[in-house]
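Comments concern the structure below.
Just so you know, all these numbers are worked out from the coordinates, no wet-lab data involved. If you're wondering where the values come from, they're calculated on a predicted model, not measured in any experiment. Because the Cβ atoms are built from the backbone with ideal geometry, glycine has one as well, and the counts that use them run over all protein chains shown.
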Amino acid sequence: MPPKFTLQPVLDYRETRVEILEIELGRLLQAQKRCLTFLEALNSSRDRILSELGKKQTGEIDLYMIARLHANLELVNERIQEQQTRLNEINQQIYEKQQEIIHAKQDAEALVKLKEHEIERFKKEEAKKENRLQDDIYIARAYHHSNGVA
């Protein structure tokens with residue numbers, strides 16, 4: 001049985017860190033999806049207001065209604081701009097989180113390779129010991145055999 005890997009707690013921590021980062025990335029992706037859905041709703045609202053504004057500017061003109069629609073349109077445009085800014089921020093956070101995950105996975109993988117190397121070294125050392133023991137047994141048998149001891 002190979003000896004306990006001395007850096008196992010560090011490896012466990014790094015693997016847990018990767019899992020935590022992946023959960024955080026999932027939350028950011030959900031926030032991005034909600035942001036996109038809200039942005040689509042705002043764009044739909046803007047299109048509806050523009051359509052209604054076009055209708056109100058033909059035929060009998062109601063200046064009060066047109067002014068209200070313009071005010072609503074400005075408000076919706078501001079909200080769209082805010083949402084696009086928020087979406088850009090979320091996209092940047094997603095990119096940074098993905099980079100963190102890559103680095104965390106690389107750190108964990110380095111320890112996994114170190115652990116595998118240590119296990120392989122242990123196995124080779126055990127094989128050498130076993131071969132030496134086997135050689136000693138063969139030598140002892142040959143010695144006993146050559147001296148007439150059976």
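Considering only C-alpha atoms, what is the centroid distance from segment 1-46 to segment 112-136, in Å?
Between the Cα centre of segment 1-46 and that of segment 112-136, the gap is 39 Å.
What is the magnitude of the charge dipole of the chain about its Cα centre, with +1 placed on the Cβ of each Lys and Arg, -1 on the Cβ of each Asp and Glu, and no other charges, expressed in debye to the nearest 20?
Using Cβ point charges on Lys, Arg, Asp and Glu, the chain gives about 300 debye.
For the chain, go through all pairs of different Cα atoms, get the mean of 1/r, take its inverse, and jot down that Kirkwood value in Å.
Mean inverse Cα-Cα distance, inverted, gives 22.3 Å.
In nm, to one decimal, how far is the Asp12 label point from the Glu96 one, both placed 7 Å along Cα→Cβ?
3.1 nm
Return the aspartates and glutamates within reach of Lys129: Cα separation strictly under 19 angstrom, same-chain partners fewer than 8 residues apart disregarded; answer none if there are no such residues.
Cα-Cα hits under 19 Å: Glu118, Glu120.
Could you tell me the calculated FRET efficiency between Glu89 and Glu40, based on Cβ-Cβ distance and R0 = 22 angstrom, to the nearest 0.05?
0.75
Which one of Ile137, Gln57, Ala31 is farthest out on the positive end of the charge dipole of the chain, using unit charges on Cβ (Lys, Arg +1; Asp, Glu -1) and the Cα centre as origin?
My answer, from the dipole projection, is Ile137.
Along Cα→Cβ, 7 Å out, is where each label goes; now give me the distance between the ones at Asp47 and Ala142 in nm to one decimal.
According to this spin-label approximation, the distance is 9.0 nm.
Can you tell which of Gln98, Ala110, Gln84 lies farthest toward the positive end of the dipole of segment 61-150, using +1 and -1 charges on the Cβ of basic and acidic side chains (Lys, Arg; Asp, Glu)?
Ranked along the dipole, the leading option is Ala110.
Sequence neighbours fewer than 8 away in the same chain don't count; with that in mind, list the lysines whose C-alpha is under 27 Å from Lys123.
Lys4, Lys105, Lys113, Lys115
Hey, can you rank 109-117, 51-59 by average C-beta count inside 10 Å, highest first?
With the highest mean Cβ count within 10 Å placed first, the list reads 109-117, 51-59.
Tell me the relative contact order for segment 8-108 as a rounded percent, counting alpha carbon contacts under 8 Å between residues six or more apart.
53 percent
Once you put a point 7 Å from the Cα of Glu109 and another 7 Å from the Cα of His70, both along the Cβ direction, what distance in nm separates them?
Computed distance between label sites Glu109 and His70 equals 5.9 nm.
In debye, nearest 20: dipole of segment 13-75 around its Cα centre with unit charges on the Cβ of K, R (+) and D, E (-)?
That gives segment 13-75 a dipole magnitude of about 40 debye.
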